[in-house]
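Participant: Have a look at the structure that comes next, please.
The values are calculated or read from the model by the stated rules, or taken from the named source; none is laboratory data. Computed from a predicted structure; not experimentally measured. Don't worry about glycine lacking a Cβ; one is built from the backbone with ideal geometry, like all the others, and counts go over all protein chains shown.
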Amino acid sequence: MAAETLYEGPITMTRKGIGFFSVGADTEDLIIPPEWTHHALHGDIVKVAPAGSYRDPRGMMPPREAGKVAEIVSRARETFVGTLIEENDLTMMAPDYKKMHVPIVIKDRGDAPLGYKVLVRLASWEADKEYPLGTIEEVIGKAGAHETEMRALALGQGFSPAFPPGVVADAKHLEEHGRALLAEEAKNSKRRDFRNVSTCTIDPFDAKDFDDALSVRKLPDGNIEVGVHIADVSFFVKPGTALDKEAVERATSVYLVDRTIPMLPEILSTNLCSLNPNQDRLAVSAVFTLDEEANIKDTWFGETVIHSDKRFTYENAQEVLDRGEGDLHAELSTLLELSKKIRARRAAKGAIEFDTAEVKVELDEAGKPIAIRLKERKATNLLIEDFMLLANEAVAKHLSALTKNGGPHFYSLYRIHDVPDTDRIENLANLLRSMGYHLKTSGGGQVTGAELNKLLESVKGKPEEYLVKTAALRSMSKAVYATRNIGHFGLAFDYYTHFTSPIRRYPDLVAHRLIKAHAGGAPITSEEMREFDKLAFHASEREVAAADAERDSIKMKQVEFLAERIGEEFDAVISGVTDRGLYVEEQATHADGMVRIKDVGDDYFEYEEKQYRLVGRRTKKAYRLGDPIRVRLSAARIAEKELDFVPVV
């Protein structure tokens, strides 16, 4: 390697301040010792120079190729949330973010009390200083209080509940004039009128914004017309406005256990754009003509005006179907039968059916968790999912066909999901072989969705189901947004995008603008198109941040719920195995916790990575991923969202 070689990309940091940097898929990551990180933080975009072989002075790891950070190009995070502490006569903020490996020194704490959560902006980190400096931007509240912790989770991931002044002004204008604008646009003859077609929304019981509605009618020739009508956010949110800029920045809404932090102000998210019942609403629609076997005979995409006849919850729509009578029974029955056929066709193509559990936490008025249960997926949940997937795929195909010939609108945003990493698939196949299962792979570790489905079906209801499902999930790539299409492996789609949720996801809003542009609406400018790659990356990053905040809010409440039950025994399943110990999932609340390796048992336990297990050197006792285990709760740290368990022998 030439000495002047510089690589640019994100750095990964451990809690001990050691960096790792990827220089290519087939090359081991460069290790970057703390003294060579140039004060880089996790996720920063850095320039790295190869620095030869590095030998750990403590001899804790074998020699490996190293790098030195030559320059920090951009910080992944400018703000951090944490608790004010005092150490060595310095006021510091101890960050909540576990990948922030150092505290931040606060120069002027003002009247912010110790023990309070604060939002801090990184100011500087001089080369000769051990810690960075920061300034307090907001005193959030006393650590441990429900309101403080929920707000801290959102702010810690860069989501502020408050909108900036420009957005507030835009929202105020829409409060005053939005209804008149909507009523006027509803008269626009270019919009297809669906107000006299039976239409409904089906959503969770606690939903406040309704992105999507379905219409259905029988046609004279025996075919069935199904309209997938999506809120026309793009009518109200124009490029370049304060509203639009903030929506780009947020990129997504965030759903914590007790609140929603919306991408758009309430006047849009729950009012003008929401497809509320018994009101005219503007939509962008994908309209399908289907035969009785749900084969697509024709499609149409464009602007519409609709009028929802009924707001169903998943539960009461299911009740109508189960009872065989009630509001829109005939329409719901038609949709259900079509959705089953759409789903069967997708499964036949190899769409992977990972049925993962979702947890719902019930809180009292003070924010204290009083119950934790699994969300039940009913036939009506699947019905909506089937038609949303149908629309997303069809829109992606439509936009792809229109952009192939270049011209003024040649970019699109796709939702892509790469094929699984071949090494991971080989590891999965080896694990399965040791358990008596065979996963058929082609040369080089390629696998089809159909083969994965066969595997998942074969372990249903068996003790090893959890292990197999978890191991298979971990072999998957992550779905992201991109301007270059490679298809969606998990859904077995050659083309896929997000079109059905523009109230809560910015990429869907872009898809709407593209549909309108191709239909003769406002063209997408070349400047906008140049931003698409950046937008795809940003939306993918914000999606991960939102998911982290949502997951952390659930974890915090699970820990709080169990904190009063220290010393009690629980049934659990081993959900992870590392050289540090066992991760376990408690079966009633689905809360995660850890059994540290020193507490596993009276033996020296060795970690066998490829077998997903710990094995006792003397006793040969094995703890394997997916095994049931009886545990006792020994500690609950609410602020850290951590539970400690010990096995019950």
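Participant: Just wondering, is there one or more residues in region 579-599 that are of a type in the set (Ser, Thr, Tyr) and over 16 Å from ARG373 (Cα atoms)?
Facilitator: Start the filter on region 579-599 by keeping residues that are of a type in the set (Ser, Thr, Tyr), which leaves 583, 589.
Still in the running and over 16 Å from ARG373 (Cα atoms): 583.
Within region 579-599, one or more residues are of a type in the set (Ser, Thr, Tyr) and over 16 Å from ARG373 (Cα atoms).
Participant: Check off (1) touching a residue at least 60 places away in the same chain (Cβ under 8 Å); (2) closer than 30 Å to GLU138 by Cβ; (3) under 28 Å from the mean Cα position of the chain (by Cα) for GLU8 and give me the number that stays unchecked.
Facilitator: (2)
Participant: Also, quick follow-up: Which pairs do you get when a residue that is closer than 18 Å to ASN381 by Cβ, found in region 340-366, comes within reach of a residue that is loosely packed, with under 15 Cβ neighbours inside 10 Å, reach meaning Cβ atoms under 6 angstrom, with the pair 6+ apart or on two chains?
Facilitator: LYS341/GLU293; ALA357/LEU374; GLU358/LYS375; LYS360/ARG373; LYS360/LYS375
Participant: Could you tell me which residue of region 614-644 is surrounded by the most Cβ atoms within 10 Å (Cβ to Cβ), considering only residues that are more than 28 Å from the chain's Cα centre (by Cα) and closer than 30 Å to ALA145 by Cα?
Facilitator: Per the stated criteria, the residue is VAL631.
Residue-wise test of (1) closer than 22 Å to PHE301 by Cβ; (2) of a type in the set (Gly, Ala, Ser); (3) out of contact with any strand residue (DSSP E or B) (no Cβ under 9 Å at 6 or more places or on another chain).
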site	(1), (2), (3)
ASP232	yes, no, no
GLY240	no, yes, yes
VAL248	no, no, yes
SER253	no, yes, no
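Participant: Counting only residues that are modelled with pLDDT of 90 or more and among the hydroxyl-bearing types (Ser, Thr, Tyr), which one in region 47-81 is nearest to the chain's Cα centre (by Cα)?
Facilitator: Of everything passing the filter in region 47-81, THR79 is nearest to the chain's Cα centre (by Cα).
Participant: Can you pull out every residue in region 61-78 that is among the small types (Gly, Ala, Ser) and in a loop (DSSP other than H, G, I, E, B)?
Facilitator: Residues of region 61-78 that are among the small types (Gly, Ala, Ser), as a first pass: 66-67, 70, 74, 76.
Matches in region 61-78: ALA76 only.
Participant: Further, regarding this structure: Hey, could you check region 445-481 for residues that are charged (D, E, K, R) and under 22 Å from the mean Cα position of the chain (by Cα) and say which is modelled with the highest pLDDT?
Facilitator: Step one: of region 445-481, the residues charged (D, E, K, R) are 451, 454, 457, 460, 462, 464-465, 469, 474, 478.
When the remaining residues are screened for being under 22 Å from the mean Cα position of the chain (by Cα), the result is 469, 474, 478.
Numbers: LYS469: 82, ARG474: 83, LYS478: 91.
Result: LYS478.
Participant: Ok, one more. Assigned by TED's automatic domain parsing to the domain that holds PHE312, at pLDDT 95 or above, over 19 Å from ILE342 (Cβ atoms) and surrounded by 15 or more Cβ atoms within 10 Å (Cβ to Cβ): which single residue out of LEU214, LEU243 fits that description? Quick ask: steps written out before the conclusion?
Facilitator: Details: LEU214 fails: over 19 Å from ILE342 (Cβ atoms).
Exactly one residue qualifies, and that residue is LEU243.
Participant: If you go through region 463-478, how many residues are touching a Gly at 6+ places or on another chain (Cβ under 9 Å), surrounded by fewer than 18 Cβ atoms within 10 Å (Cβ to Cβ) and under 21 Å from GLN446 (Cβ atoms)?
Facilitator: 1
Participant: Pick out the one residue from GLU185, GLU249 that is without any contact (Cβ under 8 Å) to a residue 60 or more places away in the chain and either under 30 Å from GLY166 (Cα atoms) or not assigned by TED's automatic domain parsing to the domain that holds THR304 (or both). Outline the logic, then answer.
Facilitator: On the way: GLU185 fails: without any contact (Cβ under 8 Å) to a residue 60 or more places away in the chain.
Just a single option satisfies the conditions, and that option is GLU249.
Participant: Collect the residues in region 256-299 that are touching a Gly at 6+ places or on another chain (Cβ under 9 Å), part of a strand (DSSP E or B) and surrounded by fewer than 22 Cβ atoms within 10 Å (Cβ to Cβ), keeping them in residue-number order. Before the answer, list the steps.
Facilitator: Within region 256-299, the first condition is being touching a Gly at 6+ places or on another chain (Cβ under 9 Å), and the residues that meet it are 257-258, 267-268, 271-272, 283-288, 291-292.
Now drop any that are not part of a strand (DSSP E or B), which leaves 283-288.
VAL287 - this is the single residue of region 256-299 that is touching a Gly at 6+ places or on another chain (Cβ under 9 Å), part of a strand (DSSP E or B) and surrounded by fewer than 22 Cβ atoms within 10 Å (Cβ to Cβ).
Residues checked against (1) on the phi > 0 side of the Ramachandran plot; (2) under 14 Å from the mean Cα position of the chain (by Cα); (3) of a type in the set (A, V, I, L, M, F, W, C):
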position	(1), (2), (3)
ARG551	no, yes, no
LEU562	no, no, yes
ARG565	no, no, no
VAL577	no, no, yes
ARG580	no, no, no
TYR583	no, no, no
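Participant: Out of region 474-507, which residues are basic (Lys, Arg) and assigned to a loop (DSSP other than H, G, I, E, B)? Write out each step before concluding.
Facilitator: From region 474-507, those basic (Lys, Arg) are 474, 478, 484, 504-505; that's our starting set.
Listed by number, the residues that qualify are LYS478, ARG484, ARG504.
Participant: Give me the pairs: first residue in region 325-339 and closer than 14 Å to ARG217 by Cα and part of a helix (DSSP H, G or I), second residue modelled with pLDDT of 95 or more and of a type in the set (Phe, Trp, Tyr), beta-carbon distance under 9 Å, and six or more apart or on different chains, which are they?
Facilitator: Short answer, once both residue conditions are applied: LEU332/PHE312; LEU335/PHE387; LEU338/PHE387.
Participant: Given the condition among the small types (Gly, Ala, Ser) and part of a loop (DSSP other than H, G, I, E, B), answer yes or no: does some residue in region 178-188 qualify? Steps first, answer last, please.
Facilitator: Quick first cut of region 178-188, residues among the small types (Gly, Ala, Ser) only: 178, 180, 183, 186.
Of the ones still in play, those that are also part of a loop (DSSP other than H, G, I, E, B) are 186.
The answer is yes, given that some residue of region 178-188 is among the small types (Gly, Ala, Ser) and part of a loop (DSSP other than H, G, I, E, B).
Participant: Determine which member of the set ARG15, ARG58 is among the basic types (Lys, Arg), touching a Lys or Arg at 6+ places or on another chain (Cβ under 7 Å), within 30 Å of ASP423 (Cβ to Cβ) and in a loop (DSSP other than H, G, I, E, B).
Facilitator: The match here is ARG15.
Participant: Still on this structure, I have one more. What is the residue count in region 214-240 for residues that are closer than 23 Å to GLU184 by Cβ and out of contact with any Gly (no Cβ under 8 Å at 6 or more places or on another chain)?
Facilitator: Selection size over region 214-240: 12.
Participant: Further question: Anything in region 193-205 that is buried (at least 17 other Cβ atoms within 10 Å of the Cβ) and in a strand (DSSP E or B)? List them, or say none.
Facilitator: Matches in region 193-205: THR199, CYS200, THR201, ILE202, ASP203.
Participant: State yes or no: is ASP423 outside the structural domain of TYR583 (by TED's automatic domain parsing), assigned to a helix (DSSP H, G or I), of a type in the set (Asp, Glu) and surrounded by 14 or more Cβ atoms within 10 Å (Cβ to Cβ)? Give the derivation first.
Facilitator: Values: outside the structural domain of TYR583 (by TED's automatic domain parsing): yes; assigned to a helix (DSSP H, G or I): yes; of a type in the set (Asp, Glu): yes; surrounded by 14 or more Cβ atoms within 10 Å (Cβ to Cβ): no.
For ASP423, the condition - outside the structural domain of TYR583 (by TED's automatic domain parsing), assigned to a helix (DSSP H, G or I), of a type in the set (Asp, Glu) and surrounded by 14 or more Cβ atoms within 10 Å (Cβ to Cβ) - is not met.
Participant: Within region 426-459, work out how many residues are in a loop (DSSP other than H, G, I, E, B) and either within 17 Å of ALA351 (Cβ to Cβ) or touching a Gly at 6+ places or on another chain (Cβ under 6 Å) (or both).
Facilitator: Quick first cut of region 426-459, residues in a loop (DSSP other than H, G, I, E, B) only: 435-441, 443-445, 447-448, 459.
Cutting the leftovers down to either within 17 Å of ALA351 (Cβ to Cβ) or touching a Gly at 6+ places or on another chain (Cβ under 6 Å) (or both) gives us 447-448.
Number of matching residues: 2.
Participant: For region 82-138, please list each of the strands (runs of 3 or more DSSP E) lying entirely inside it that holds at least 1 residues being surrounded by fewer than 18 Cβ atoms within 10 Å (Cβ to Cβ).
Facilitator: Values: elements: 90-95, 104-106, 116-124.
Where strands (runs of 3 or more DSSP E) fall fully within region 82-138 and carry at least 1 residues being surrounded by fewer than 18 Cβ atoms within 10 Å (Cβ to Cβ), they are 90-95, 116-124.
Participant: Failed condition for SER234, given (1) assigned to a helix (DSSP H, G or I); (2) surrounded by fewer than 12 Cβ atoms within 10 Å (Cβ to Cβ); (3) within 28 Å of the chain's Cα centre (by Cα), with all others met?
Facilitator: The number of the failed condition is (2).
Participant: Can you confirm whether VAL105 is without any contact (Cβ under 8 Å) to a residue 60 or more places away in the chain and within 28 Å of the chain's Cα centre (by Cα)? Don't jump to the end; show me each part of the working.
Facilitator: Values: without any contact (Cβ under 8 Å) to a residue 60 or more places away in the chain: yes; within 28 Å of the chain's Cα centre (by Cα): no.
It is false that VAL105 is without any contact (Cβ under 8 Å) to a residue 60 or more places away in the chain and within 28 Å of the chain's Cα centre (by Cα).
Participant: While we're on this one: Quick one: PHE489 ticks every box in (1) out of contact with any Asp or Glu (no Cβ under 6 Å at 6 or more places or on another chain); (2) surrounded by fewer than 19 Cβ atoms within 10 Å (Cβ to Cβ); (3) in contact (Cβ under 8 Å) with a residue 60 or more places away in the chain except a single one, so which number is it?
Facilitator: (2)
Participant: Read through the list (1) in the same structural domain as VAL284 (by TED's automatic domain parsing); (2) aliphatic (A, V, I, L, M); (3) modelled with pLDDT under 95, then give the number of the only condition that ILE503 fails.
Facilitator: (3)
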